[in-house]
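A.B. asks: Here's a structure for you.
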Amino acid sequence: MITYFHDAQSAHDPQFFLSSGAARPCPEKPTRIAALLSGVNRLGLPLQTPADHGMTPIQAIHPQRYLSFLTTIHDRWTRIPGASGEVIPNIHPANRSDGYPKSAVGQAGYHMADTSCPIGPATWTSAYWSAQAAIAAAENLLAGARASYALCRPPGHHCFTELAGGFCYLNNTAIAAQMLTMHGRKVAILDIDLHHGNGTQGIFYDRPDVLTVSLHAHPERFYPFFWGYPSERGAAAGEGANLNLALERGSGDLPFQRALGQALQAISLWGADTLVLALGLDAFVGDPFAGLAVTTPGFAEIGRQIRALGLPTLIVQEGGYLCPELGDNLAAVLNAFL
């Protein structure tokens, strides 16, 4: 199993985000990469730099207006007298059908859901190569691999088609799933991050061709708050192609594995021939976000259960934040696919 990663993914270095109104150090730091690579190296997995597949696979998910915003906003922001060093919104529209401003401040509010996705001078470069890692891993699967791993950083599953949020700027999972779908695969996305994959759900919500399943801490008291409820089943042609399995705060291995069993049954019944696993490791009991209580042996069992589906699997890294066991938890999951 090849791991795809580009050194440019380290360049994005957000300095802070707002949590409960207070400025705090951003936990989505470049140092996550070394911790994740320690797990990859422990298993002896080959590491490959992704080729540059250009913008076409990214444009299959994200419209040009949003991509233009991402590529230009930091330069435009720095021309505002007294502006902060990173782009952070201070106003949002009531909904995205309201008017579209020309102002950099207004566009930041339009395209950024919250204050936890600051845009610095290197954000676009890192997000671009994070997406390229997912694209290369999808290409590897199409070439016949049974499993491949994209070490995507920054992550992507909170990003909608043209709305950044929650440390995410391009939706790597959705980009990879769309690429596989366009090559004739029947794709299911399984998101096992601590936080609901709201952007991924939103992208595919009215589509019948991709099944989206998410296990996460219940959003009634946890980020992203407004999405991830069990009543959300899809809309229009996509009704029934979305499944949310929301867990109570503090749930450990057994509740998580029971929910995973439901998820895997739904994927089997749907008839997927390819799985995209949005792998968050922040459900760990020692993760700084402290929402769920999965253990390292629990992650090993999660990997075994998913591998037992027998589907070609593209593993896309989502959350999982700095703690001593981060690399151990990644290795525990990936080992099941070797």
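A.B. asks: Treat the count of other C-beta atoms within 10 Å as a stand-in for reagent exposure and order Phe17, Phe225 from fewest to most.
C.D. replies: Phe225, Phe17
A.B. asks: What FRET efficiency comes out for Leu338 versus Gln257 if R0 is 22 angstrom and r is the Cβ-Cβ distance? Round to the nearest 0.05.
C.D. replies: Calculated value: 0.60.
A.B. asks: With the crude spin-label approximation of a point 7 Å out along Cα→Cβ, what separation in nm comes out for Lys102 versus Ala83?
C.D. replies: Going by the 7 Å Cα→Cβ label model, 1.6 nm.
A.B. asks: Let me ask you something else. Any chance you could run the full-extension gain for Gln59 through Thr31? It's 0.36 nm times the residue separation minus the Cα-Cα distance, nm to one decimal.
C.D. replies: 7.2 nm
A.B. asks: Still on this structure: Taking the Cα centre of the range 1-113 as origin, work out the dipole magnitude from +1 charges on Lys and Arg Cβ and -1 charges on Asp and Glu Cβ, in debye rounded to 20.
C.D. replies: 180 debye
A.B. asks: Once the Cα gyration tensor of the chain is found, what semi-axes does its equivalent ellipsoid get, as square roots of 5 times the eigenvalues, in whole Å, sorted largest first?
C.D. replies: So the equivalent ellipsoid measures 29, 21, 21 Å along its semi-axes.
A.B. asks: Against the longest alpha carbon principal axis of the chain, how many degrees, from 0 to 90 and to the nearest 10, is the axis of helix 64-78 turned?
C.D. replies: 50 degrees
A.B. asks: Using each residue's phi in the range 158-167, evaluate 6.51 cos²θ - 1.76 cosθ + 1.60 at θ = phi - 60° and report the 3J(HN,Hα) Karplus result to the nearest Hz, with x for Gly and Pro.
C.D. replies: 8, 8, 7, 4, 9, 8, 6, x, x, 6
A.B. asks: May I pose another question? For each cysteine in the chain, check whether another cysteine's C-beta sits under 4.7 Å from its C-beta; list those where none does.
C.D. replies: Cys26, Cys117, Cys152, Cys323
A.B. asks: Along the charge dipole of the chain, Cβ charges K/R +1 and D/E -1, which of Cys117, Gly327, Gly106 sits furthest on the positive end?
C.D. replies: Farthest towards the positive pole: Gly106.
A.B. asks: Long-range amide H contacts for Ile2: which residues qualify at under 5 Å (H placed 1.01 Å from N, peptide plane, sequence gap of 5 or more or a different chain)?
C.D. replies: Under 5 Å from the amide H of Ile2 lie the amide H atoms of Tyr149, each far enough along the sequence or on another chain.
A.B. asks: Let me ask something additional. Residue by residue through the range 211-219, what is 3J(HN,Hα) from phi via Karplus (6.51 cos²θ - 1.76 cosθ + 1.60, θ = phi - 60°)? Round to whole Hz and write x for glycine and proline.
C.D. replies: 8, 10, 10, 9, 9, 6, 5, 4, x
A.B. asks: Loop-only check: which GluC sites (Glu not before Pro) in the range 203-288 are DSSP coil with at most 15 other Cβ within 10 angstrom?
C.D. replies: Qualifying residues, ordered by number: Glu239, Glu248.
A.B. asks: Same structure, new question: In the chain, once you exclude exposed trypsin sites (Lys or Arg not before Pro) (DSSP loop, at most 16 other Cβ within 10 angstrom), what's the longest stretch remaining?
C.D. replies: The longest uninterrupted stretch comes out as 250-338.
A.B. asks: May I ask you to order 165-174, 197-206 by the average number of other C-beta atoms within 10 Å around their residues, highest value first?
C.D. replies: 165-174, 197-206
A.B. asks: Would you tally the net charge around Tyr321, using a Cβ to Cβ cut-off of less than 10 Å, leaving Tyr321 out, and scoring K and R as +1, D and E as -1?
C.D. replies: So the environment of Tyr321 carries a net charge of -1.
A.B. asks: What does the charge add up to near His74, with Lys and Arg as +1, Asp and Glu as -1, over the other residues with Cβ less than 14 Å from its Cβ?
C.D. replies: -1
A.B. asks: How much length would be gained if the chain were fully extended between Thr71 and Leu43, taking 0.36 nm per residue of separation minus their Cα-Cα distance, in nm to one decimal?
C.D. replies: 6.5 nm
Coordinate-derived values only; no laboratory data. The model shown is predicted, which means the values in this text are computed figures rather than measured ones. FYI the Cβ positions are ideal-geometry reconstructions off the backbone, even for glycines, and counts take in every protein chain you see.
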